[in-house]
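For reference, the structure is listed below as structure tokens.
The values are calculated or read from the model by the stated rules, or taken from the named source; none is laboratory data. Everything numeric here is computed off the predicted structure, so don't read it as measured data. Using ideal geometry, Cβ is built from the backbone for each residue, glycine included, and neighbour counts are taken over all protein chains shown.
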Amino acid sequence: MSETSTDRRQALRAIGGAAAIATQARPILGANDRVNLAVVGLGGRGTDHMNEYSRLDCHLAALCDVNQAAQERGVALVKKAKGHEPKVYSDMRKLFEDKSVDAVSIATPNHWHALAAIWAMQAGKDVYVEKPVSHNIFEGRQLVAAARKYDRIVQAGTQSRSIAHKIEAMKMLREGAIGKIYMAKGLCYKRRPSIGKKPDIPTPAGIDWSLFLGPAPLRAFNENRFKYNWHWFWDTGNGDIGNQGVHEMDVMLWGTGVTTFPKSVICTGGKMLYDDDQETPNLQHATFQHDGLQLVFEVRGMVTPAEGPLQVRGNNVVGNIFYGSDGYMAVDSGGWWLYKGKREPEAEGKAQRGETAPHMDNFLKAVKSRKREELTAEVAVNALASAYCHMANISYRTGKKLNWDATRMKFGEAQADALITRNYRAPYVVPEKV
């Protein structure tokens, strides 16, 4: 359902007024100050956030979730790890009014990422926001515009940008290790079992279901639309191309040096094998065309063999292969492998350490230095990678090959252009002017 124009104006005035007050009141951190941090969204990924930040030089000042049980688990985790009890909020808007909070780390479902980050920036907070940074193309543009307008430090949760062996591999590609790159392929062959079918039921006690849905249409509570499985519904998620896949999409753009939208996209596939509630496809093949370069992305949710040098890790094959005039390079979470025609790799590198901690530490250091250029995954970078995922989904959903008009920032096809944004449920509206 869509909000009225009056509702939208009133909501924006209210948010804008509060944001102006909060921004004026926010103190500037010194280089030796600890960042007072809040985590928004305390599910599986939010738990990872709390665990990682507990090991870093920051103060976990507050937690926010619409689920009371998740709040209680979060408080217990922080008390055990850090020895203090954080403030707790159910509504992130109340959290953003807290002037003692310097920065927020957002681990909500995808449909909340952009709006939560924009509200936080309007309230003077720096932001770490999980991938994809947007639920649609429009949101990505608005998110970057807000980061610039409010001069905030905004890190996207694509940890590959802070992983040593991937940094090394990307540098080699950019320096011509495989010659001129003519094609790159991103793979998300991640085993996903069927979610089955579940009936709508009354909302369980302790969950604010309307607040969980936020910008999405109001629906009856269903267990399959809650917790992790929200990824597989268009209202709240983007399928696996926008879940695990956006990591590899980002690496593909990084390695090829692409910083623009493609000229065209075509994506085919479907939901294979399973008869269940899932809406998003578990098989996708997307092709993005540039002058002299083709980018290919595949999603396969069933058990699958390895491809090229990429390894099978826990029934999954997830990574990238870059093809050049002098050879090819494969990169995944375990390392990179460079081939130039021989049976064995010409060179290789191995992973050295975990993924998330260095990335979050990079964010905290940039919050203190106020230097956006020090971020390894500044929000504009992932806004583009997220947009590629959205473009693939739009082509899949419309069943059409789509050309992109870079001047108008549209496809020029009515059905596809309608999916660039969404109908927001007031007052959870990503504004046209941030």
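The table below lists the values:
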| quantity | calculated |
| --- | --- |
| Selection within region 206-243 - surrounded by fewer than 21 Cβ atoms within 10 Å (Cβ to Cβ), in contact (Cβ under 8 Å) with a residue 60 or more places away in the chain and among the aliphatic types (A, V, I, L, M) | Ile207, Leu211, Leu218 |
| Cβ-Cβ under 7 Å pairs, at least 6 apart or on other chains, region 275-293 side free of Cβ contacts under 8 Å to residues at least 24 places away in the same chain, far side among the hydroxyl-bearing types (Ser, Thr, Tyr) and in a strand (DSSP E or B) | His285/Thr268 |
| Residue satisfying all of: in region 323-335; more than 23 Å from the chain's Cα centre (by Cα) and hydroxyl-bearing (Ser, Thr, Tyr); surrounded by the fewest Cβ atoms within 10 Å (Cβ to Cβ) among these | Ser325 |
| Selection within region 401-419 - part of a loop (DSSP other than H, G, I, E, B) and in contact with a strand residue (DSSP E or B) (Cβ under 7 Å, 6 or more places away or on another chain) | Lys401, Trp404, Phe411, Gly412, Glu413 |
| Tally of residues being surrounded by 14 or more Cβ atoms within 10 Å (Cβ to Cβ) and either more than 18 Å from the chain's Cα centre (by Cα) or on the phi > 0 side of the Ramachandran plot (or both) across region 153-166 | 2 |
| Residues satisfying the stated conditions in region 269-309, i.e. of a type in the set (A, V, I, L, M, F, W, C) and closer than 29 Å to Gly257 by Cα | Leu283, Ala286, Phe288, Leu293, Leu295, Val296, Phe297, Val299, Ala306 |
| Condition check for Gly314: closer than 30 Å to Gly196 by Cα, at pLDDT below 95 and under 24 Å from the mean Cα position of the chain (by Cα) | yes |
| Looking only at region 395-425, and only at residues there that are aliphatic (A, V, I, L, M) and surrounded by 16 or more Cβ atoms within 10 Å (Cβ to Cβ), the one that is farthest from Asn136 (Cα to Cα) | Leu402 |
| Selection within region 245-286 - of a type in the set (S, T, N, Q) and surrounded by fewer than 19 Cβ atoms within 10 Å (Cβ to Cβ) | Thr259, Thr260, Ser264, Thr268 |
| Helices (runs of 4 or more DSSP H) wholly inside region 43-158 containing at least 1 residues that are polar (S, T, N, Q) and under 30 Å from Asp240 (Cβ atoms) | 44-54, 68-82, 110-122, 137-149 |
| Exclusive hit being crowded, with 16+ Cβ neighbours inside 10 Å and under 30 Å from Asp91 (Cβ atoms), set Ala147, Ala184 | Ala147 |
| Condition check for Lys368: out of contact with any helix residue (DSSP H, G or I) (no Cβ under 9 Å at 6 or more places or on another chain) and at pLDDT below 95 | no |
| The lone exception for Ala62 - which of (1) farther than 23 Å from Asp361 by Cβ; (2) among the hydrophobic types (A, V, I, L, M, F, W, C); (3) surrounded by 15 or more Cβ atoms within 10 Å (Cβ to Cβ) it fails | (1) |
| Residue satisfying condition, being of a type in the set (Val, Ile, Thr), touching a strand residue (DSSP E or B) at 6+ places or on another chain (Cβ under 9 Å) and closer than 25 Å to Thr287 by Cβ, within set Val381, Val367 | Val381 |
| Top-ranked residue of region 372-388 - restricted to ones that are of a type outside the set (A, V, I, L, M) and part of a helix (DSSP H, G or I), ranked as surrounded by the fewest Cβ atoms within 10 Å (Cβ to Cβ) | Glu373 |
| Of the criteria (1) surrounded by fewer than 24 Cβ atoms within 10 Å (Cβ to Cβ); (2) under 22 Å from the mean Cα position of the chain (by Cα), which one Lys82 fails | (2) |
| Residue satisfying condition, being out of contact with any Cys (no Cβ under 9 Å at 6 or more places or on another chain) and either β-branched (Val, Ile, Thr) or without any contact (Cβ under 8 Å) to a residue 12 or more places away in the chain (or both), within set Val40, Val133 | Val133 |
| Filter pass, Leu37 being under 15 Å from Val101 (Cβ atoms), surrounded by 17 or more Cβ atoms within 10 Å (Cβ to Cβ) and modelled with pLDDT of 50 or more | yes |
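Conditions tested, residue by residue: (1) surrounded by fewer than 16 Cβ atoms within 10 Å (Cβ to Cβ); (2) within 17 Å of Gln159 (Cα to Cα).
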{"position": "His290", "(1), (2)": "yes, no"}
{"position": "Arg300", "(1), (2)": "no, no"}
{"position": "Ala306", "(1), (2)": "yes, no"}
{"position": "Val317", "(1), (2)": "no, no"}
{"position": "Ile321", "(1), (2)": "no, no"}
{"position": "Trp337", "(1), (2)": "no, no"}
{"position": "Thr356", "(1), (2)": "no, yes"}
{"position": "Lys365", "(1), (2)": "no, yes"}
